[in-house]
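Asker: Pasting in a structure now, in structure tokens, and then I'll have a few things to ask.
Laboratory data are not the source of any read-out in this text; all were calculated from the coordinates shown. All of these numbers come straight from a predicted model, not from anything done at the bench. Note that we place each Cβ from the backbone using ideal geometry, even for glycine, and neighbour counts take in every protein chain shown.
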Amino acid sequence: MRIATRQWVDQVFNRITYYTSIRRKWQAGDTLLFVHKTITGDAIVGYGMIDNVCDAGKLHDAERSECEKFGWGTALILKYVVRFDRPLPTKQTFLRAARFRGRYCHGLRLDKEQLATIISQAELLQG
């Protein structure tokens, strides 16, 4: 999932919730990669596993209002999140060959093997 602003990156890792407008059959146990634009280009800044999926209309007033403001329809409550100290540039992954950049990274489906490869590569970078 591509996160547009630094503020929202911090929000995901602090609230352990990701808000989205992407319509999909989200399920507990799904893993999300978080991508954000850094000085080296788009980079994977962390990942998390979905614990619960909640319709934005069922959130408390402040959260619901924020979701309406930005057009988010679903809150993905995460079981855990991992934030990388050293983000992994997407151009250093197999995604480079596919030439996915910017908004085209948002919502991109990866199979379990692709996901494991990227997470492993990012964790090696952490040292």
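Asker: Which residues in the stretch 27-42 place their backbone N less than 20 Å from a point set 7 Å from the Cα of D10 along the Cα-to-Cβ direction?
Answerer: 34-40
Asker: Follow-up. Spelling out what I want: for every residue of the stretch 69-80, take phi, set θ = phi - 60°, compute 6.51 cos²θ - 1.76 cosθ + 1.60 (Karplus), and round to whole Hz; glycine and proline get x.
Answerer: Values per residue, Gly and Pro as x: 4, 9, x, 7, x, 9, 10, 9, 7, 9, 6, 7 Hz.
Asker: Do any trypsin sites (Lys or Arg not before Pro) in the stretch 7-84 lie in a loop, going by DSSP, with at most 12 other beta-carbon atoms within 10 Å of their beta carbon, and if so which?
Answerer: Passing both the DSSP loop test and the Cβ count: R23, R24, K25.
Asker: Show that you can apply the helix-only estimate: for the chain, add -39,500 (n - 2.57) for every DSSP H stretch of four or more residues, divide by all residues, and state [θ] at 222 nm to the nearest 500. Mind showing how you got there, number by number?
Answerer: On the way: 4 runs with 39 residues, N = 127.
When only DSSP H runs of four or more count, the value is -9000 deg cm²/dmol.
Asker: Quickly work out the L125-to-E113 label distance, labels modelled 7 Å from Cα along the C-beta direction, and quote it in nm with one decimal.
Answerer: Computed distance between label sites E113 and L125 equals 2.3 nm.
Asker: Another question, if that's okay. In the chain, if every C-alpha pair distance is counted and binned at 5 Å from zero, what percent goes to each bin?
Answerer: Spelled out bin by bin, the chain gives 2, 11, 21, 25, 21, 12, 6, 3, 0 percent.
Asker: Say each of K58 and I22 gets a label point 7 Å from the Cα, pointing the same way as Cα to Cβ; how far apart are those two points in nm?
Answerer: 2.1
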